[in-house]
Structures are given as structure tokens and as C-alpha cells.
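Inspection log for the structure reproduced underneath, given as C-alpha cells.
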Amino acid sequence: MSRIDHYIQAIILEGAAEARQEGSAATEAHHLLLGIAAHEGTAAQRVLTSAGLGRQAVRDALDREFERSLSVAGVSLAAFDLPPVTPDPKANPKLGSSARLALERGFAAAKGKRDLRPAHLLLGVLDTEIGTVPRALALAGVDRAELMVRVRDTLPGEAW
């Protein structure tokens, strides 16, 4: 396997671990974003970190997005004494539709597999107007379009 194949596999596995921790049956785009933010040593992770989006900051933004989405539906987490999620270590979250679309968009952003870099995968996750990721980034005060420009700017010189 090539270096990018190992990276893609690692991000999918890290995303699945994030989904498992949440008790989710599917790995979605926001789980991939958490995986990218946690995977050190790439331009994608460095761009996120420079924008104040380390792994914990992404997690916090996603938590705020979840609470806000519930409040729009008239539900307040503070009104309930919910137990913490008990992850099933045997669970194997499947790749969800938002994650598949994010990967497809990332692959499409490259000129071919030889050109594919970690930053392309991040672009695939960021390149959507709707969903959990853009809502969480907005709540974190991050300009998604500006962040995408910064990611694209890393591509010509990205050598891992």
C-alpha cells in the first residue's frame, strides 16, 4: 500500500473509533474531521491546528452543534440527567453517507491518485454547505471558505 492508502485507512479507522465512542452505528464526515485533526504530521492537521481546530476544539464544536440542534427541536440536554455513552468495543461502525461523500469529494479534488494528499481529504470534509461539519465550524467562529483556501494553499508544497 502507498503512503496515501495508509493515511486514508488510518483516518477511516480513527473516524470509526470516534463513532464507536459516541455509540454511533455509522462513521460520518464529522468523525473523519476528528480523525484528521488528531492525525499529526500532515499539512491538513497543521492547517486545522493553526485555525484553532485541534482535536479537542473540533470535539467541543461538535458537542455545541449537537446541543444547538437539539435546542432547535425544543430539547435541552440540561433538562435531562443522561448517563454517559457506553461504547461497545465490538461495534464496527459502517461508513456513513456523509463520510463517503467527503471521501469522494476529496478524491475528486486531486488530479489523480498520485496527486492525492491528506489536504485533499480535509477539503472533501469541508466542501459542503449543509450538515454537521459546517454548522459546527460556524459555531466555533471558523470561516469554512477561508479555511478551505488555506488548505488549498498547502497543496502545491505538501510533501507530508
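Kindly indicate whether any position in the stretch 77-85 is of a type outside the set (A, V, I, L, M, F, W, C) and modelled with pLDDT of 95 or more.
No: zero hits.
Do we find a residue being out of contact with any helix residue (DSSP H, G or I) (no Cβ under 8 Å at 6 or more places or on another chain) and either of a type in the set (Asp, Glu) or in a helix (DSSP H, G or I) (or both) anywhere in the stretch 80-93?
Yes.
Within the stretch 127-141, how many residues are assigned to a helix (DSSP H, G or I) and touching a residue at least 60 places away in the same chain (Cβ under 8 Å)?
Final tally of qualifying residues: 6.
With the structure loaded, tell me whether residue 64 is of a type outside the set (A, V, I, L, M), under 15 Å from residue 11 (Cβ atoms), modelled with pLDDT of 95 or more and not in a loop (DSSP other than H, G, I, E, B) or whether it fails that test.
So residue 64 fails the test.
Criterion first (surrounded by fewer than 20 Cβ atoms within 10 Å (Cβ to Cβ), among the hydroxyl-bearing types (Ser, Thr, Tyr) and under 17 Å from residue 139 (Cα atoms)) does residue 2 satisfy it?
Spelling it out, it is not the case that residue 2 is surrounded by fewer than 20 Cβ atoms within 10 Å (Cβ to Cβ), among the hydroxyl-bearing types (Ser, Thr, Tyr) and under 17 Å from residue 139 (Cα atoms).
If I filter the stretch 12-45 down to residues being in contact with a strand residue (DSSP E or B) (Cβ under 6 Å, 6 or more places away or on another chain) and outside any helix (DSSP H, G or I), which single residue comes out as surrounded by the most Cβ atoms within 10 Å (Cβ to Cβ)?
Across the stretch 12-45, the extreme among qualifying residues is 27.
Which residue out of 88, 143 is acidic (Asp, Glu), modelled with pLDDT of 90 or more and out of contact with any strand residue (DSSP E or B) (no Cβ under 6 Å at 6 or more places or on another chain)?
Selected residue: 143, the only one of 88, 143 that is acidic (Asp, Glu), modelled with pLDDT of 90 or more and out of contact with any strand residue (DSSP E or B) (no Cβ under 6 Å at 6 or more places or on another chain).
Against the condition under 17 Å from the mean Cα position of the chain (by Cα) and in a loop (DSSP other than H, G, I, E, B), how does residue 98 come out, does it pass?
The answer is no for residue 98.
The values are calculated or read from the model by the stated rules, or taken from the named source; none is laboratory data. Computed from a predicted structure; not experimentally measured. Neighbour counts run over all protein chains shown; Cβ positions are idealised from the backbone, glycine included.
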